[in-house]
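> One structure, as C-alpha cells, below. Some questions next.
Readers should treat all values here as calculations from the given coordinates under stated rules, not as data from a laboratory. Predicted model only: the values in this text are computed from it and were never measured. So basically every Cβ, Gly included, is an ideal-geometry build from the backbone, and we count neighbours across all protein chains shown.
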Amino acid sequence: MDQRSGLLLVIALCIFDTMQGQDDLYINRTLQDFASDMRFVGTEAGRKVRSNVEGSEYLDENFLDGEILTMNSEHFKDIPMRYNAFLDNVEVRLPNGTICNLTDPDKIFQILVNKQVLVYTDYLSPEGRKSGFLFVLYDGTSKLYRRYYKTFNEGRTTNGITPEIPPKIADKPLEYYIRAKDGTTSFCNSKKDLLSAMSNAISEIEDYLKKEKIRLKSEDDLIKLVSYYDTLP
C-alpha cells in the first residue's frame, strides 16, 4: 500500500470508528427495516444508458454493503448500494432484488460504503451552485471533499474518411471542494481558490504552501493543508 492509499484508509477508518461510536446515539436498523419503511427509496433504478454505449455510469458496478445515518438518529446497516457518478445518485438493492434510487438525501446525515463517506450538500462548482453527493476526505472544523463526475459523449458515425467513434460514458477529472470553517463549500483548483476560501489566514497559508511544498493536485497535500488551517485561530 502506498503512502497516499494508507493515509486515506486511516482517515476513512477514523470516520468509520466515529460512526461506530455513535451507535449509542442512533437507533440501529436493518435492511429489512429499510425496505419495509420505503421512506428513502423512489423509482426503480438501474443502468439508464443504451447498451451500445461504452463505459459505466457507476463508480463501481458492484453493490457493496454500506451504512446510512439519518438526520433523525437512525443507523441503517448492511444496505447494498452503489454510486451512479453520471446521474449523481445512490442506488440501493432491496431484499427482493429491486434496485431503487435513494431519495430525500436532505434527510440523510451521511453514507458509508467501501470505507468512503458520502454527504449530500450544497456547493459552488465551476458551473454554478449545485446540490449533490461529495466524498469526504477530511472532516474537521473545515471540510475537504472529492467529487466524482461522469459525462455522456455522443460519439459520431463514420463518413467514409474519419473513423466511427462510439458513444461513451467518460470520466471527468476529479474535483476538490473546500469548506473553510463556516464558509461556503467551493471548488478548489488553484492557489487563488485556496486563498479566497482561507482569506482570514492568507499569510500563514502562503508560508505553509512554500515551507511544505504543497501540491494542489495531491489529495494527501490538500488534506495536510486543511488540517493545518484548522489549527489556526
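> Could you list Ile165, Ile205, Ile223, Ile79 so that the one with the fewest beta carbons within 10 Å of its beta carbon is first and the one with the most is last?
Details: Ile165 13, Ile205 22, Ile223 18, Ile79 25.
The order, fewest Cβ neighbours first, is Ile165, Ile223, Ile205, Ile79.
> I want the local charge near Lys181. Using Cβ-Cβ distances under 15 Å, sum +1 for each Lys or Arg and -1 for each Asp or Glu among the other residues.
-2
> Give, as a single signed number, the net charge of other residues whose beta carbon lies under 13 Å from the beta carbon of Lys130, with Lys and Arg counted +1 and Asp and Glu -1.
-2
> Still on this model: Which loop-located GluC sites (Glu not before Pro) does region 170-233 contain, where loop means any DSSP state but H, G, I, E or B and the Cβ has at most 16 other Cβ atoms within 10 Å?
Listed in order of number, the matching sites are Glu212.
> Karplus couplings for region 77-88 from phi (6.51 cos²θ - 1.76 cosθ + 1.60, θ = phi - 60°), rounded to Hz, Gly and Pro as x?
Ordered by residue, 3J(HN,Hα) equals 10, 6, 9, x, 8, 8, 9, 8, 7, 7, 9, 6 Hz.
> Quick one: order Phe34, Phe152 by neighbouring beta-carbon count within 10 Å, fewest to most.
Listing Phe34, Phe152 from fewest to most nearby Cβ atoms yields Phe152, Phe34.
> Could you give the length gained on full extension between Asn72 and Thr98, defined as 0.36 nm per residue of separation minus the Cα-Cα distance, in nm? Write down the numbers at each step before the final one.
Values: separation 26, 0.36 × 26 = 9.36 nm, distance 2.56 nm.
The span from Asn72 to Thr98 would gain 6.8 nm if fully extended.
> Continuing with this model, one more query. What are the residues whose amide H is under 5 Å from the amide H of Asp65, where those residues sit 5 or more places off or on another chain and H is modelled from the backbone?
Close amide H contacts, sequence-distant or interchain: Met81.
> What length, rounded to one decimal in nm, is gained on full extension from Ser227 through to Ser203, with 0.36 nm per residue of separation minus their alpha-carbon distance?
Contour length minus Cα-Cα distance gives 7.0 nm.
> Order of Thr121, Thr43 from fewest to most other C-beta atoms within 10 Å?
Starting with the residue having the fewest Cβ neighbours, the order is Thr43, Thr121.
> Using θ = phi - 60° and the Karplus curve 6.51 cos²θ - 1.76 cosθ + 1.60, what whole-Hz ³J(HN,Hα) does each residue of region 103-118 get, with Gly and Pro shown as x?
10, 6, x, 5, 8, 9, 6, 6, 10, 10, 8, 6, 6, 10, 10, 10
> Continuing with this model, one more query. Provide the per-residue ³J(HN,Hα) series for region 52-62, in order, calculated from phi with Karplus coefficients 6.51, -1.76, 1.60 and θ = phi - 60°, each as a whole number of Hz, with x at glycine and proline positions.
8, 8, 6, x, 10, 6, 9, 5, 8, 4, 6
> Continuing with the same structure: Starting from the Cα gyration tensor of region 127-233, take the square roots of the eigenvalues, sort them a ≥ b ≥ c, and report rounded, prolate or oblate (rounded when a/c is under 1.5, otherwise prolate if a/b is larger than b/c, else oblate).
prolate
> How high is the relative contact order of region 90-145, in percent, counting Cα pairs under 8 Å that sit 6 or more residues apart?
With pairs under 8 Å counted, the relative contact order is 19 percent.
> Considering the convex hull of the alpha carbon atoms of region 3-229, report its projected area averaged over all viewing directions, in nm², one decimal. Please report the intermediate quantities before stating the final value.
Working: hull surface 61.6 nm².
Over all viewing directions, region 3-229 projects a mean Cα-hull area of 15.4 nm².
> Please go through the residue pairs Lys130/Lys224; Lys172/Lys224; Lys168/Lys217; Lys115/Lys224; Lys168/Lys192 and name each one whose alpha carbons sit more than 30 Å apart in this structure.
Flagged as over cut-off: Lys168/Lys192.
> Between Tyr148 and residues 5 or more places away or on another chain, which pairs have amide H atoms under 5 Å apart, with H built 1.01 Å from N, and which residues are they?
Phe135
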